[in-house]
1. Hey, any hits in the stretch 69-77 for a residue that's open to solvent by 40 Å² or more (accessible area, probe 1.4 Å), farther than 19 Å from His144 by Cα and in contact (Cβ under 8 Å) with a residue 24 or more places away in the chain?
2. Scan the stretch 101-121 and report the pairs whose first residue is closer than 13 Å to Ala89 by Cβ and whose second residue is open to solvent by 60 Å² or more (accessible area, probe 1.4 Å) and part of a helix (DSSP H, G or I), with Cβ atoms within less than 7 Å and a gap of 6+ or a chain change.
3. Pick out the one residue from Ile99, Ile107 that is modelled with pLDDT under 90 and not in a helix (DSSP H, G or I).
4. Pick out the one residue from Pro38, Pro71, Pro64 that is modelled with pLDDT of 80 or more and within 15 Å of Val126 (Cβ to Cβ).
5. Looking at the stretch 205-237, which of the residues that are at pLDDT 90 or above and open to solvent by 60 Å² or more (accessible area, probe 1.4 Å) is nearest to Pro152 (Cα to Cα)?
6. Looking at this structure, is Gly50 more than 23 Å from Ile147 (Cβ to Cβ) and open to solvent by less than 60 Å² (accessible area, probe 1.4 Å)?
7. Can you pull out the residues in the stretch 166-191 that are open to solvent by 40 Å² or more (accessible area, probe 1.4 Å) and assigned to a helix (DSSP H, G or I)?
8. Which of the residues belonging to the stretch 142-156 are under 20 Å from Ser238 (Cβ atoms) and surrounded by 17 or more Cβ atoms within 10 Å (Cβ to Cβ)?
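The values are calculated or read from the model by the stated rules, or taken from the named source; none is laboratory data. Predicted model, so just to flag it, every value in this text is computed and none were measured. Note that each Cβ is placed from the backbone with ideal geometry, even for glycine, and that neighbours are counted across all protein chains shown. Protein only, heavy atoms only, side chains kept; ligands, DNA and RNA dropped before computing areas. Shrake-Rupley method; radii C 1.70, N 1.55, O 1.52, S 1.80 Å.
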Amino acid sequence: MQVPVGKQGNLFWVPFFFIFYKEVRRFQSVFIETVLGPVVSTALYIVVFGMAMSSQLQGPDSLPYIAFLLPGLIMMSCLNQSFHGTTAAFVTAKYTGEIEDYARLPISSNQLLIGFILGGWLRGMVISFFNLIIGSLAYYYLYHSWIPLENPFLLLVFLSLGGLTFSCLGAAIGVWAQSHEHISAIGIFVLAPLIFLGGVFFSVKNFSPFWKTVSSFNPIFYMINGTRYSFLGMSDVSVLTCLAVSIFSILVIYGIAYYLCKKVHFQRW
């Protein structure tokens, strides 16, 4: 049967919005675990490193340490939660057998991936918003002024790029993984080193030449510096370079997720 031209757009958007809405409802239904827990975790970093140790630590160019730290923490939580949001969605679908239903439905790989990816991205953005509020209040408590935010639009851009990139990565790992061990291994041996070498807690200018070179291949380094530039108007690398690397990272990782989605057989665990 030929589908009327006016209905063809619905055939793309309805399945996509269904998957996206389902993912949003899923993380809303376990709010304490998916939102409150990560927000409290980042708040503890702010209290311990940004407030309690602020008199002993200092950012580059005599910057208050909490002003240097906060952009990195916000981006770190956005990346982590976007990644875990999407991987958890695929793991849940594999446990319940829902993943086999997706394989039978007349939806494309792009519809499936984009629905899951935007669900994970939204979770990361919501948590970043709460962390921004908590961090700003902590800064005000210490210095009786609000933390500088040079370019709010650029902040939104970099958080979105970072969140989407790691949500794509979460989708790729979620599609590929055959057990919880695979996902845990990626978190421990890939994500944690990338985040800690990305300059969340200190400037890579303090690194040895070897580790500076290693960091220059780390996409998180550019995402964090882009976020830091949005707040402070300063970063370790050019903001245009940060933007270019972030966009390139999304394209590459989405391509990998799409390839895996086409090649892997969806089976329940």
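1. Scanning the stretch 69-77 turns up no residue that is open to solvent by 40 Å² or more (accessible area, probe 1.4 Å), farther than 19 Å from His144 by Cα and in contact (Cβ under 8 Å) with a residue 24 or more places away in the chain.
2. Every condition considered, the pairs that remain are Leu113/Tyr258.
3. So the residue among Ile99, Ile107 that is modelled with pLDDT under 90 and not in a helix (DSSP H, G or I) is Ile107.
4. Working: Pro71 fails: within 15 Å of Val126 (Cβ to Cβ); Pro64 fails: within 15 Å of Val126 (Cβ to Cβ).
On inspection, the qualifying residue turns out to be Pro38.
5. Tyr229
6. Details: more than 23 Å from Ile147 (Cβ to Cβ): no; open to solvent by less than 60 Å² (accessible area, probe 1.4 Å): yes.
No: the conditions fail for Gly50.
7. Of everything in the stretch 166-191, those that are open to solvent by 40 Å² or more (accessible area, probe 1.4 Å) and assigned to a helix (DSSP H, G or I) turn out to be Trp176, His180, Glu181, His182, Ser184, Ile188, Phe189, Val190.
8. Across the stretch 142-156, the qualifying residues are Leu154, Leu155.
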